[in-house]
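Visitor: My questions will all concern the structure given below.
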Amino acid sequence: MRTIYIRPETVRLSDKAAEWNSDDYRLHALPPLALYVHVPWCVRKCPYCDFNSHAAPAQLPENEYLAALEADLQQALPLVWGRRVISIFIGGGTPSLLSEAALDRLLSMVRTHLNVLPDAEITLEANPGTVEAARFKSYARSGINRISLGIQSFDERFLQRLGRIHDGTQARAAVDMAQLAVERVNLDLMFALPGQGLDELGRDLDTALSFGCEHLSVYHLTLEPATVFAKYPPSELPDDDLAADMQDLVEDMLQGAGYDHYEVSAYARSGVRCVHNLNYWQFGDYLGIGPGAHGKLSFHDHVRRQARLRNPESWMRQVIQRDGSHLAEDRRLTAHDLPFEFMLNTLRLREGVPAWYFQERTGLPLALILPQLEQARSRGLLTDDPARIAPSPLGWRFLNDLQAMFLQDDAT
């Protein structure tokens, strides 16, 4: 794969679509609802990480944190009352730092307040420290039925360069323990690491495949703003051509092993895609609780975005005031915002979504984006099927350019 730049052009709305008022939209059905719970602490922050994570104190304030989580959830209940929850994702940070008792209390609290489906997917993110991994069976007894392991690499050289606290032996042991505890295990891997070549990546992928896990998430290392790596870039990063070859190797090896590349960074065996993340990408709803957690909630007359305060201490202090001061953002999306937000998520899926999802999940007529759809198809960036909104192979390859076509022109 070589670099090609496709310049997005501003496309004016159709005359019919331009008549729509920015606040005038209606949803006739609500999408599925998921719950995200954020645990903000890590043993130490990795230099590439831009997530809302903080070095853990010597003793986690579990009781204070769980009381704050319950206060957060209780204040959100009027927004989701009566709705069924299809999945729960406990992310971080490193949620597996929580004690068995704290995790059990957390899930009991959630089930007390929310209508969680009996077969809901309940995922816990974990890092391969041996002490944490030994807790997996206890977590499973509390209701965790899917574990997502932040392996990143099985090669100790690259783990050290990434600032990870585990080694290759611990990574392998964690996978074994996770598989003994739950049926569904995801491995997070990274490529284009400092000093990494195709042979080293191939060995990492071979090791990951040897476990037979049902789901793999494989990410290109990126130097995110406000990270240590952005300020002090590591040496020996693969160039664009080598990184592209690595991406091709990932696809070839995983697809050859029977994994479907269904989302930009996600590969799954048949029938075991991640329910929680799939709901994000299909523009479903999710309630986010905990410091820095984001949420998107639909109502019959609007769609709302929320975000909590990022600092754990500030969030815990403010959420118990029960006056809304724990929210850093709470805004209603306009019809101007929704097309891009919808496309930003759904175009990450190789198969896209049915075209009728646009009206169902934004409340807007498909006519609003017909000019953009037509131009994207004329450039070969979308498939020709009018019943689906799906990227073509070329569109998926240049996804940022395709998504940018749905940014509305402020002048329209």
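Visitor: What ³J(HN,Hα) values, in whole Hz, does the Karplus curve 6.51 cos²θ - 1.76 cosθ + 1.60 give for the stretch 38-55 when θ = phi - 60°, with x put for Gly and Pro?
Guide: 3J(HN,Hα) across the stretch 38-55, in whole Hz: 9, 10, x, 9, 10, 4, 7, 7, 6, x, 9, 7, 10, 6, 7, 10, 9, 4.
Visitor: Out of every Cα-Cα pair in the stretch 33-280, what percent are more than 28 Å apart?
Guide: More than 28 Å apart: 34 percent of the Cα pairs in the stretch 33-280.
Visitor: How high is the relative contact order of the stretch 278-411, given as a whole-number percent (alpha carbon pairs under 8 Å, six or more residues apart)?
Guide: 20 percent
Visitor: 5 Å is the cut-off here: which amide hydrogens, built 1.01 Å from N in the peptide plane, fall below it relative to residue 85, excluding neighbours closer than 5 in sequence?
Guide: The answer is 115, 116, 117.
Visitor: Shifting gears a bit: Quick check: pseudo-label points 7 Å beyond the Cα along Cα→Cβ at residue 222 and residue 43, how many nm apart are they?
Guide: Taking the simple label geometry, residue 222 and residue 43 are separated by 2.8 nm.
Visitor: Sticking with the crude label model, points 7 Å out along Cα→Cβ, report the distance from residue 299 to residue 387 in nm, one decimal please.
Guide: 3.6 nm
Visitor: For residue 101 and residue 330, calculate 0.36 nm times their separation in residues minus their Cα-Cα distance, and state this gained length in nm to one decimal. Please report the intermediate quantities before stating the final value.
Guide: Working: separation 229, 0.36 × 229 = 82.44 nm, distance 3.25 nm.
Going from the current span to full extension adds 79.2 nm.
Visitor: Go through the cysteines of the chain and tell me which have no other cysteine Cβ under 4.7 Å away.
Guide: 42, 213, 274
Visitor: By its C-alpha gyration tensor, with a ≥ b ≥ c as the square roots of the eigenvalues, how is the stretch 187-292 shaped: rounded for a/c under 1.5, else prolate for a/b larger than b/c, else oblate?
Guide: The shape class here is oblate.
Visitor: Also, quick follow-up: Given Cβ point charges of +1 (Lys, Arg) and -1 (Asp, Glu) and nothing else, what value in debye, to the nearest 20, does the dipole of the chain about its Cα centre take?
Guide: Details: 40 positive and 54 negative charges, 199 e Å.
That gives the chain a dipole magnitude of about 960 debye.
Visitor: From the P(r) of the stretch 283-412, can you give the percent of Cα pairs sitting at distances over 22 Å?
Guide: Considering the stretch 283-412, 45 percent of its Cα-Cα pairs are separated by more than 22 Å.
Visitor: Which one, 230, 318, 380, projects farthest toward the positive side of the charge dipole computed for the chain from Cβ point charges (K/R +1, D/E -1)?
Guide: 318
Visitor: Gain in length, residue 141 to residue 119, computed as 0.36 nm per residue apart minus the alpha-carbon separation, to one decimal in nm?
Guide: 6.5 nm
Visitor: Measuring from label point to label point, each 7 Å out along Cα→Cβ, what is the residue 231 to residue 134 span in nm?
Guide: Between residue 231 and residue 134, the simple spin-label model gives 3.6 nm.
Visitor: Considering Cα pairs under 8 angstrom that are at least six residues apart, work out the relative contact order of the chain and quote it in whole percent.
Guide: This gives 22 percent for the chain.
Visitor: Now for a separate question. May I have the convex hull volume per residue, in Å³, for the Cα set of the stretch 282-334?
Guide: Working: hull volume 4.3 nm³, N = 53.
Spelled out: Cα convex hull of the stretch 282-334, divided by residues, is 81 Å³.
Visitor: Please state the relative contact order of the stretch 135-184 as a whole percent: Cα pairs under 8 Å, 6+ residues apart?
Guide: Rounded, it is 53 percent for the stretch 135-184.
Visitor: Still on this structure, please answer the following. For the chain, what is the mean residue ellipticity at 222 nm derived from helices alone (per DSSP H run of n ≥ 4: -39500 (n - 2.57); sum divided by total residues; nearest 500 deg cm²/dmol)?
Guide: -10500 deg cm²/dmol
Visitor: Just how far, in whole angstrom, is the stretch 51-78 from the stretch 218-254 if you go by their alpha carbon centroids?
Guide: 33 Å
Taken together, the values in this text are just the output of simple stated rules run on the coordinates, not laboratory data. Bear in mind the structure is a predicted one, so any value in this text is a computation, not a measurement. Quick reminder, even Gly has a Cβ in these numbers, built from the backbone with ideal geometry, and neighbours come from all protein chains shown.
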